[in-house]
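The values are calculated or read from the model by the stated rules, or taken from the named source; none is laboratory data. Bear in mind the structure is a predicted one, so any value in this text is a computation, not a measurement. With ideal geometry, Cβ positions are generated from the backbone for all residues, glycine too; neighbour counts draw on all protein chains shown. Each accessible area value is taken on the protein alone, full model and side chains, heavy atoms only, with ligands, DNA and RNA left out. Shrake-Rupley method; radii C 1.70, N 1.55, O 1.52, S 1.80 Å.
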Amino acid sequence: YGELERAVRVSAAELAAHHVGCGDVVLMAGVARPEALITLFASARLGAVVVPVPPSSTAHEIEAIAAVMRPVATIGDAEFLASTGAGQVRLSWDAGVPGAPVLRPDADVGPLEGWRAAPGEPAIVAFTSGTSGRPKGVVLTHDNLYWATRSALETLELGADDKVLIATPIGHAAVFAGLPQYVWAAGGCVVLASRFEPDLFLELVA
């Protein structure tokens, strides 16, 4: 938890150095990797609004979301950044992406101190699957996420010895507003699966 806290604060400082601030929209690849979670929490510290994009999204779908949200920054892996030209600031979790400096949670910068977000401000805008029409952005505030977690902790018996497996993309509400958040709040452990495959899933559960 100490390492995660420092990684979040360092990444928040890096985002601030690239002129990402309170109220700015961050378009982010919603893949299940540590850098995505660190970026999510770092953006929350800054008061930036994260729009996590599911990995299955096509370039057309990503551009449609970007046209609505008008992100200041676009952050993700090399494949995600290649699928969109959105964002004045482009940062990569992978090295070697042209025009996209690497967002490093271990960078040699002073960690950001404190929080720059208000409870009632948006934290995440999640887009629906659009099964009955065009995808729609669902706004979740810091208060929404906080009280959902508080409510869950009062009804679920979770503790520091519990582990939860993420086998869905981080762009899914089950991750950024669900069980993993509850387990972190209880001091437990979250295991990431880079993708869902039956054999991998069973191996990780075992």
- Label points 7 Å out from Cα along the Cβ direction at Ser129 and Ala107: separation in nm? 3.7
- Message: Going by amide H atoms built from the backbone, whose H comes under 5 Å of the H on Val191, apart from near neighbours?
- Response: Val164, Leu165, Ile166
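Give me the percent of DSSP beta bridges within the chain that run antiparallel, rounded to the nearest 5.
Details: 5 of 23 bridges.
Looking only at bridges with both residues in the chain, the antiparallel portion is about 20 percent.
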- Item | Highest average packing first - 149-161, 173-185, Cβ atoms within 10 Å | 173-185, 149-161
- Query: Which of rounded, prolate, oblate describes segment 1-76, given a ≥ b ≥ c as roots of the alpha-carbon gyration tensor eigenvalues and a/c under 1.5 marking rounded, otherwise prolate only if a/b is larger than b/c?
  - Reply: oblate
- Message: Please list, ordered by chain and number, the residues whose modelled amide H lies under 5 Å from the amide H of Val51; skip anything fewer than 5 residues away on the same chain.
- Response: Val26, Leu27, Met28, Val125
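What shape does segment 125-165 have by the C-alpha gyration tensor, where a ≥ b ≥ c are the square roots of the eigenvalues, rounded means a/c under 1.5, and otherwise prolate means a/b greater than b/c and oblate the rest?
Details: a/c = 3.49, a/b = 2.07, b/c = 1.68.
Verdict is prolate for segment 125-165.
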- Carbon plus sulfur fraction of accessible area for segment 22-109, probe 1.4 Å, in percent: 56
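When only C-alpha pairs under 8 Å and at least 6 residues apart count, what is the relative contact order of the chain, in percent?
21
Which value, in Å², gives the accessible area per residue of segment 1-121 when a 1.4 Å probe is used on the protein heavy atoms? Can you show the working numbers first?
Numbers: 5490 Å² over 121 residues.
Per-residue value: 45 Å².
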- Once the piece of chain linking Ala174 and Cys22 is laid out straight, how much longer is it, given 0.36 nm per residue of separation minus the C-alpha distance between them? 52.2 nm
- Which of (1) 16.5, 48; (2) 20.0, 63; (3) 17.1, 53 is the computed Rg and Dmax of the Cα atoms in Å for the structure on display? (1)
- Query: Ordering Arg45, Arg104 from largest to smallest accessible area (1.4 angstrom probe), what's the sequence?
  - Reply: Arg104, Arg45
- Item | Amide H contacts of Val102 (H built 1.01 Å from N, under 5 Å, at least 5 apart or other chain) | Ser92
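Report the net charge of residues surrounding Arg6, where surrounding means a beta-carbon distance below 13 angstrom and charges are Lys +1, Arg +1, Asp -1, Glu -1. Write down the numbers at each step before the final one.
On the way: positive: Arg9, Arg45, Arg104; negative: Glu3, Glu5, Glu14, Asp106, Asp108, Glu113.
Cβ neighbours under 13 Å give a net charge of -3.
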- Query: Modelled label-to-label distance, Glu5 and Val191, 7 Å Cα→beta-carbon offset: nm?
  - Reply: 2.6
- Task: Any chance you could run the full-extension gain for Lys136 through His60? It's 0.36 nm times the residue separation minus the Cα-Cα distance, nm to one decimal.
- Result: 25.8 nm
